[in-house]
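The values are calculated or read from the model by the stated rules, or taken from the named source; none is laboratory data. This is a predicted model, so every value here is computed, not measured. Positions of Cβ are backbone-derived with ideal geometry, glycine not excepted, and every protein chain shown enters the neighbour counts.
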Amino acid sequence: MNSTIDKMTIPVYKPSLCGREKEYVNRCLDSSWISSKGEFIQRFESEFARYVNSQYATSVTNGTVAIHLALEALGIGEGDEVIVPTFTYVASVNSIVQAGATPVFVDSIEDTLQMDPDDVADKITPRTKAIMAVHLYGSACDMTKLLKICSEKKLFLIEDCAEGFGTYFKGQHVGTFGDVGTFSFFGNKTITTGEGGMLVFKNASIWEKAAHLKNQGVSKDIEYWHDVLAYNYRMTNICAAIGLAQLEKADEFLAKKRRIAEYYQQELKNLPLRFHEEMVDIKHSFWMCTIILNDFKDREPLRKYLKSNGVETRPLFPPCHKLPHLLTDETFFVAESISARGINLPSYPDLEFEDVQNICQIMRDYFKASK
């Protein structure tokens, strides 16, 4: 394990494996169905689709390939542009490039941290094929505005919900608005399979194409006959078994994370920062508890102070247009500002409220000493 994390008393995240994970995994082992076939694949896909209220779902090996598979299933590739926020995890943008398309960056909104629909509208060109809405840190993009743009311009809408499990916009789970929604089940997500991902769809034909592409393009009728260049993006039965057990505890996990967020919000309200709050029309899942400091100069000293007291944190993502392989000469004032001022605080289902109280006290001590 990472030596820095080993020294941490309170990690920024760790999964809660308190359900039937061992029971279900042992059933895989006992049956010998440990690869990409077995009872838990279909069960996890069906139960996940039911949970988010989508008709079609297919599981994959991780959240990044979920995005790539979504692009491939929609036929997006060379010559196409996909509008995406620069303020996102790099996987969103890498997948666009790997599909052969061109990412077109847009700025973010200060309050919500999500992509700015007005900037989206300004960036549409004749080559624009899709908008990728990335629901960051447990909140949601303005789907009303993005859907209107897609409808008027006849664009595909892809939702990257890697951080949006349990997040709702106007009572509807994110991922179910667009043509395809993608999810991640990495170890730091609200529900995890270790590594894994899921896609949900509105259209049966796109779902069938994605399922075909993720399975090496194998024919339904002829054994070992592959009729298209495709991929091995299949989830294992063991991962699906863990995922199903996690899904059974999802409501419990989300409720605990909400209580943790409410505690942070109350205890930190008089400090020179703001909490990433729940906005109107959005049910925040609080995947990460996020703060935005008033002064970017406080971020690294505060993180260092927390680390010295055994508390791990994360900086917010750097804007993708600043990364070497995606570098542009553009300026995105809001994205660059919130990226420089943001911190993710520990938030996971097994986190004790006493630990949250201690974290808040450490932060109060830092700001008191820095005056």
Criterion: assigned by TED's automatic domain parsing to the domain that holds Ser59 and charged (D, E, K, R) - qualifying residue of Arg303, Arg234: Arg234
Is it the case that Leu244 is under 27 Å from Leu71 (Cβ atoms), surrounded by 15 or more Cβ atoms within 10 Å (Cβ to Cβ) and either touching a residue at least 24 places away in the same chain (Cβ under 8 Å) or basic (Lys, Arg) (or both)? no
Where the second residue is in a loop (DSSP other than H, G, I, E, B) and the first is among the aromatic types (Phe, Trp, Tyr) and lies in region 313-328, which pairs have Cβ atoms under 6 Å and are six or more apart or on separate chains? Phe317/Tyr89
How many residues of region 43-55 are more than 15 Å from Ile191 (Cα to Cα) and either buried (at least 19 other Cβ atoms within 10 Å of the Cβ) or polar (S, T, N, Q) (or both)? The answer is 4
Any chance you could count how many residues in region 26-67 are within 24 Å of Gly166 (Cβ to Cβ) and touching a residue at least 12 places away in the same chain (Cβ under 8 Å)? 25
Counted residues, region 75-96 - those being out of contact with any helix residue (DSSP H, G or I) (no Cβ under 7 Å at 6 or more places or on another chain) and under 14 Å from Lys129 (Cβ atoms): 7
Per-region count, region 144-181, residues part of a loop (DSSP other than H, G, I, E, B) and among the acidic types (Asp, Glu): 2
Within region 75-118, how many residues turn out to be more than 23 Å from Phe333 (Cβ to Cβ), touching a strand residue (DSSP E or B) at 6+ places or on another chain (Cβ under 6 Å) and of a type in the set (D, E, K, R)? 1
If Ser92 meets every condition in (1) surrounded by fewer than 21 Cβ atoms within 10 Å (Cβ to Cβ); (2) under 24 Å from Ile149 (Cβ atoms) apart from one, which number is that one? (1)
Selection count, region 33-57, where residues are in contact with a strand residue (DSSP E or B) (Cβ under 7 Å, 6 or more places away or on another chain) and assigned to a helix (DSSP H, G or I): 6
Please pick out the residue among Pro318, Pro324 that is within 17 Å of the chain's Cα centre (by Cα), at pLDDT 95 or above and more than 22 Å from Phe286 (Cβ to Cβ). Pro318
Over region 129-170, the set of residues in contact (Cβ under 8 Å) with a residue 12 or more places away in the chain and small (Gly, Ala, Ser) is Ala130, Ala133, Gly138, Ser139, Ala140, Ala162, Gly164, Gly166
Region 205-240, residues that are surrounded by fewer than 16 Cβ atoms within 10 Å (Cβ to Cβ) and touching a Phe, Trp or Tyr at 6+ places or on another chain (Cβ under 6 Å): Ser219
Which one of the conditions (1) over 25 Å from Phe165 (Cβ atoms); (2) more than 20 Å from the chain's Cα centre (by Cα); (3) touching a residue at least 24 places away in the same chain (Cβ under 8 Å) does Asn237 fail to meet, given that it meets all the rest? (1)
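For every residue, the table says whether it meets (1) surrounded by fewer than 24 Cβ atoms within 10 Å (Cβ to Cβ); (2) more than 26 Å from Thr192 (Cβ to Cβ).
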{"position": "Thr61", "(1), (2)": "yes, no"}
{"position": "Gly77", "(1), (2)": "yes, yes"}
{"position": "Glu81", "(1), (2)": "yes, yes"}
{"position": "Ile109", "(1), (2)": "yes, yes"}
{"position": "Met115", "(1), (2)": "no, no"}
{"position": "Ile124", "(1), (2)": "yes, yes"}
{"position": "Met132", "(1), (2)": "no, no"}
Taking the conditions exactly as written (modelled with pLDDT of 95 or more, under 21 Å from Phe105 (Cα atoms) and among the polar types (S, T, N, Q)), does Ser337 satisfy them or not? yes
